[in-house]
Amino acid sequence: MNDTTVTVVGNVATNVDYRETASGGVARFRIAVTPRRWDRQSASWTDGYTSFYTVIAWRTLAINLAGSVSVGDPLLVHGRLRVREEDRDGYRTADPGGSRNGQRDGQRRTFVDIEAVAVGHDLTRGTSAFRRVVKAAPKVTEPVRVRPVQHEAHPVGVPRPEPSGPPRAELAEGLQPQVAAALS
């Protein structure tokens, strides 16, 4: 597929909005991108017009964004550019008398989104500490039979007596030959 990929460098403009969906988590936030250029006449850097983009991330990236990014953070966002147009929410008067007739005004709004593939802090403006997220692999286990727990009645506030007999480690050592014999 011919996707337009972009990389933008800017500052987080809104809080990360994280939500769980049927296909996994999704995170959204806005990033403000302001180009800077050198002005020879004033011999200083000047800011251009600020562009705002909505960044959308899915699944693991969404979870990590929600836990790592806050308003004002300098970020690099790399992803697929999506431009969409929608009808504007509003009505236009069709007759000079000014009555609403329920028709759309025909104006369209353009939205520019970036479906993020990778996001990181801009290290030219600060430092960052990376923490790897460890995913637990599902383990295949044998089904375990659970026996109901039988509780002894014991008065509240009275200390329980210490159990008598050998410590549990000694009991386990004594059972190991019996378990090995039963398995063979």
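Per the conditions (1) modelled with pLDDT under 95; (2) in contact with a Ser or Thr (Cβ under 7 Å, 6 or more places away or on another chain), the sole criterion not satisfied by Asn101 is (2).
Are any residues in the stretch 58-86 open to solvent by 40 Å² or more (accessible area, probe 1.4 Å), out of contact with any Gly (no Cβ under 8 Å at 6 or more places or on another chain) and in a strand (DSSP E or B), and if so, which ones? Selection gives His78, Arg80, Leu81, Arg82, Val83, Arg84, Glu85, Glu86. Among the residues making up the stretch 25-57, those that are surrounded by 11 or more Cβ atoms within 10 Å (Cβ to Cβ), over 17 Å from the mean Cα position of the chain (by Cα) and in a strand (DSSP E or B) are Ala32, Val33, Thr46, Ser51, Phe52, Tyr53. For the condition modelled with pLDDT under 90 and within 30 Å of Val134 (Cβ to Cβ), Ser23 qualifies. Taken over the stretch 14-24, the criterion of being more than 18 Å from His78 (Cβ to Cβ) and surrounded by 11 or more Cβ atoms within 10 Å (Cβ to Cβ) is satisfied by Thr14, Asn15, Asp17, Tyr18, Gly24.
The values are calculated or read from the model by the stated rules, or taken from the named source; none is laboratory data. This one's a predicted model, so the numbers in the text were calculated from it and none came from an experiment. Cβ coordinates were reconstructed from backbone atoms using ideal geometry, including for glycine residues, and neighbour counts include every protein chain displayed. Side chains included, ligands, DNA and RNA excluded: accessible areas come from the protein's heavy atoms. Shrake-Rupley method; radii C 1.70, N 1.55, O 1.52, S 1.80 Å.
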